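The values are calculated or read from the model by the stated rules, or taken from the named source; none is laboratory data. Note that this is a predicted model, so its numbers are computed, not measured. Cβ atoms come from the backbone with ideal geometry, glycine included; neighbour counts cover every protein chain shown. To get the accessible areas, we keep the full protein, side chains included, count just its heavy atoms, and leave off ligands, DNA and RNA. Shrake-Rupley method; radii C 1.70, N 1.55, O 1.52, S 1.80 Å.
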Amino acid sequence: MKLSKKIQGMAVFIEFLASTGLAIFFHIVLHDPEVAYTIFGIGILLSLATWLLREDLENTHHDLVDQYHQAHELTFALAQISDPECQIRAQELLAGNKRTISMLQLGFIPLDETEFYLEGAKCTDMAQKRVKAVDPITSGWLTRGPLVNFYQSNLRALDRGVAITRIFVMSREELSTPDVQKVLMIQHTDDIEVRIALREELPATAGNLGGCDTNSSCDFAIYDDRVATEVFPQAGTYFGKKTGQTVNIERYEKLYQLIDHCAHAVVMEDEQILLASDKVKLAA
């Protein structure tokens, strides 16, 4: 860097001396002051222009070198790993990071379990109109800290007048179990619009949208049609993901509409939550 600067300074100085010497020659020897001044002025301008050009090229060179090192920093680091076992482990970590980066490129932010429910609580606290959720049925609503605190944000939203609809995905056999009834009863009495989608009635196209099929549970929520969160169907490094991109929100909206179309309204009778369609059949 220093050597390059010195060479650049010497080149400008030589150009200046050359133009000055030529100007003096025309002035003293050829007795043509007008041409001498013209040559001197043009020489100074050329020296300044070439100096600026060299400076710009030098800065561009260093910027490109820095970008090259940043782009290949990981490659250089991997190349310095000599132990074969460590190299294999490094490649595994790199593959995981590639999947995470691919997810980020699609507009999804991966989250661990605590981060996921914290983001859900924040989104619920910021919601102004409506929260639409699809959840698997689980007793964790009443016992697990992250879920309990997330549910508290639901209650705060209800107090502000936010409408919350939660579609629980389950089998018909699960509906009658005490733990499930307790979860459904609490949310129903808290003025959450509880609906139930029987897993065996879900459309096959739901799986094609990346949400759920007859062998798995859906677990996602849409906040004011602006932000969505989703739990990964399989356990891994991350628990779930969040997105605010319109194209992703539209996919969740379509999936929600499909599931909602298959969902049943519920009624409470004799301290028990029943499907409204079942009650109609019993009455008939």
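Collect the residues in the stretch 213-238 that are free of Cβ contacts under 8 Å to residues at least 24 places away in the same chain, open to solvent by 20 Å² or more (accessible area, probe 1.4 Å) and within 28 Å of Leu94 (Cβ to Cβ), keeping them in residue-number order. The answer is Phe232, Pro233, Gln234, Ala235, Gly236. The selection criterion, being basic (Lys, Arg) and more than 30 Å from Leu274 (Cβ to Cβ), holds for Lys98.
Can you spot a residue in the stretch 84-104 that is touching a Ser or Thr at 6+ places or on another chain (Cβ under 7 Å), surrounded by 10 or more Cβ atoms within 10 Å (Cβ to Cβ) and within 30 Å of Phe232 (Cα to Cα)?
Restricting attention to the stretch 84-104, the residues satisfying the condition of being touching a Ser or Thr at 6+ places or on another chain (Cβ under 7 Å) are 96.
Imposing the further condition that a residue be surrounded by 10 or more Cβ atoms within 10 Å (Cβ to Cβ) reduces the set to 96.
Within this subset, residues satisfying the condition of being within 30 Å of Phe232 (Cα to Cα) are 96.
Yes.
If I ask for residues that are of a type in the set (D, E, K, R) and in a helix (DSSP H, G or I), which ones from the stretch 233-281 would you list?
We begin by selecting, within the stretch 233-281, every residue of a type in the set (D, E, K, R); these are 241-242, 250-251, 253-254, 260, 269-271, 278-279, 281.
Glu250, Arg251, Glu253, Lys254, Asp260, Asp278, Lys279, Lys281, listed by residue number.
When the residues of the stretch 62-83 are filtered to those that are surrounded by 10 or more Cβ atoms within 10 Å (Cβ to Cβ) and among the acidic types (Asp, Glu), the one that is nearest to Thr237 (Cα to Cα) is Glu73.
The set of residues from the stretch 134-151 being surrounded by fewer than 16 Cβ atoms within 10 Å (Cβ to Cβ), under 20 Å from Phe232 (Cα atoms) and in contact with a Lys or Arg (Cβ under 9 Å, 6 or more places away or on another chain) comprises just one member, Ser139. For the stretch 239-273, a residue qualifies if it is open to solvent by less than 80 Å² (accessible area, probe 1.4 Å) and modelled with pLDDT under 90, and the qualifying residues are Glu269, Gln272, Ile273.
Every residue, every condition in (1) farther than 21 Å from Asp191 by Cβ; (2) surrounded by fewer than 16 Cβ atoms within 10 Å (Cβ to Cβ); (3) among the small types (Gly, Ala, Ser); (4) modelled with pLDDT of 95 or more, yes or no:
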position	(1), (2), (3), (4)
Pro110	yes, no, no, no
Cys123	no, no, no, yes
Lys132	no, no, no, yes
Ser153	no, no, yes, yes
Asp159	no, yes, no, yes
Val162	no, no, no, yes
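Answer yes or no: is there a residue in the stretch 69-79 that is at pLDDT below 70, under 40 Å from the mean Cα position of the chain (by Cα), small (Gly, Ala, Ser) and in a helix (DSSP H, G or I). For the stretch 69-79, residues at pLDDT below 70, under 40 Å from the mean Cα position of the chain (by Cα), small (Gly, Ala, Ser) and in a helix (DSSP H, G or I): present.
Residues that are among the basic types (Lys, Arg) and closer than 30 Å to Gly161 by Cα: does the stretch 91-114 have at least one? Checking the stretch 91-114: not a single residue is among the basic types (Lys, Arg) and closer than 30 Å to Gly161 by Cα.
Per the conditions (1) modelled with pLDDT under 95; (2) not in a helix (DSSP H, G or I), the sole criterion not satisfied by Ile222 is (1). May I ask you to verify whether Thr114 is within 20 Å of the chain's Cα centre (by Cα) and either under 30 Å from Ile192 (Cβ atoms) or modelled with pLDDT under 75 (or both)? Yes, satisfied. Close contacts from the stretch 247-258, counting a first residue that is on the phi < 0 side of the Ramachandran plot and a second that is open to solvent by 30 Å² or more (accessible area, probe 1.4 Å) and aliphatic (A, V, I, L, M), with Cβ to Cβ under 6 Å and a gap of 6+ residues or different chains, come to Leu255/Leu209.
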